[in-house]
Amino acid sequence: MNEKVQLSQLSIPTPQDFSFAECLKHLMKPEQEWLYRVIDNSIYKLLKMDDELILFIIEWQPGNIIVKFPLTQPSTIQVKKVTTFISEWFDLEKDLRDFYELANNDPILRPIVQSYYGLRIVGIPHFFEAISWAIIGQQINLTFAYTLKKRLVEKYGESLEYEGNKYYVFPSLEIVASLTVEDLKLLQFSARKAEYIIGIAQLILQGKLSKDLVLKQKTFEQKHLFLTSIRGIGPWTADYVLMKSLQEPTAFPISDVGLHNALKKQLNLDRKPTMAELKELAMNWEGWQAYATFYLWRSL
DNA sequence: TCCCAGGAGCGCT
DNA sequence: AGCGCTCATGGG
């Protein structure tokens, strides 16, 4: 009667300057996010691995992220994949000391970094999801972008129910690759974005695009160039993906509207900064442009 | 109604 | 290589 199930548990050490609370705040901002759920300081996330849906719960105790698997006993390989996923999700491998030193000498970043100290770039490890999300978000307001993503995930993503809540995984490459532009237009995607996303799913399935293929490029510039050679991926999207999915600290979506608004606010401007001003400011952020951007986004 | 939104591709110089 | 036009639709 009411026997406690033995929970499989995993522990991932976190860096000294890691703030789970700040990362949680970031995760809780969107109101229409269906690819994870935050309940009482725990993150619930569903992944598909080896054709199996795996739900896990992320908590934190000083020094360690604790992962529990409430429904399944994960295999060794699955545990390893979840560990990698979480490490990328919260950018745990990055040593931020140089960034913090740089930020403390930067009049714009100093106050922001103090306010959100310990925040790490909360990424999108799932490569196809990261690209799709960037494309969805191109040139439309974020609220509508979340609506579009929600519709896509609801309609085409696999799901599983746990304790009364439904958890989704991002739609598979196979499914998206087989969709027509009309299918996505029904969800109010523009024809162009539908083409981009379907085309990218097909490219990945054909082996012509993958995280590994990007990583194989030697320099950051080559990675950027490789990504922008793909239809639908312009400079902003390439930087966004390099920042959120490949943990590249020098990725810099310099044309990003959110970045412009954050700087306008921090600098107390009555207009958005010009491209020349952006480049001038960013000279101080060399090597850590992605972190500067992420912290500036947070300041909004 | 108007302007803007976490842009990108394309054609024309 | 750089500029301008077009796409597309919800939010405020």
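Taken together, the values in this text are just the output of simple stated rules run on the coordinates, not laboratory data. Predicted, not measured: the structure shown is a model, and the values here were computed from it. We place every Cβ from the backbone using ideal geometry, glycine too, and count neighbours over all the protein chains shown.
Among A:Asn141, A:Asn104, A:Ile66, which residue has its Cα positioned farthest towards the positive end of the charge dipole of chain A, with +1 placed on the Cβ of Lys and Arg, -1 on the Cβ of Asp and Glu, and the dipole taken about the Cα centre?
In chain A, that residue is A:Asn141.
For A:Leu160 and A:Lys218, compute 0.36 nm times the residue count separating them, minus their Cα-Cα distance, and round to one decimal in nm.
16.9 nm
Counting only Cα atoms, I'd like the Rg/Rh figure for chain A, Kirkwood definition for Rh.
Dividing the radius of gyration by the Kirkwood radius yields 0.96.
Evaluate the Debye formula for region A:212-254 with equal point scatterers sitting on the alpha carbons, no solvent, and hand back log10 of I(q)/I(0) at q = 0.14, 0.20, 0.28 Å⁻¹, in q order, two decimals.
-0.24, -0.50, -1.01
Give me the mean projected area, in nm² to one decimal, of the convex hull enclosing the Cα positions of region A:145-215.
5.8 nm²
Region A:234-281: Rg/Rh from Cα coordinates, Kirkwood Rh?
1.02
Take A:Asp256, A:Asp270, A:Asp98 and order them by how many other Cβ atoms sit within 10 Å, fewest up front.
Placing the least packed residue first, the sequence is A:Asp270, A:Asp98, A:Asp256.
Would you order A:Met283, A:Met49 from fewest to most other beta-carbon atoms within 10 Å of each residue's own beta-carbon?
A:Met283, A:Met49
Given a cut-off of 23 Å, what percent of all Cα-Cα pairs of region A:183-300 lie beyond it?
Looking at region A:183-300, the distances longer than 23 Å represent 40 percent of pairs.
What distance in nm separates the two pseudo spin-label positions at A:Asp98 and A:Asn284, each 7 Å out from Cα along the beta-carbon direction?
1.9 nm
Fewest to most neighbouring Cβ within 10 Å: what's the order for A:Lys150, A:Lys264?
A:Lys264, A:Lys150
For chain A, with only Lys/Arg (+1) and Asp/Glu (-1) charged at the beta-carbon, what is the dipole magnitude about the Cα centre, in debye rounded to 20?
520 debye
Would you mind pulling out the separation of the Cα centroids of region A:20-34 and region A:55-131, in Å?
Value for the Cα centre distance between the two parts: 13 Å.
Taking just the alpha carbons, could you work out the radius of gyration and Dmax for region A:1-86, both in angstroms?
Rg then Dmax for region A:1-86, in Å: 13.6, 44.
Under the 0.36 nm per residue contour assumption, what length would be gained going from the current alpha-carbon distance of A:Thr84 and A:Asn261 to full extension?
Taking A:Thr84 through A:Asn261 to full extension adds about 60.4 nm, to one decimal.
At a 10 angstrom cut-off on C-beta neighbours, averaged per residue, how do the peptides A:22-28, A:8-14, A:248-254 rank from highest to lowest?
Ranking, from highest mean packing down: A:248-254, A:22-28, A:8-14.
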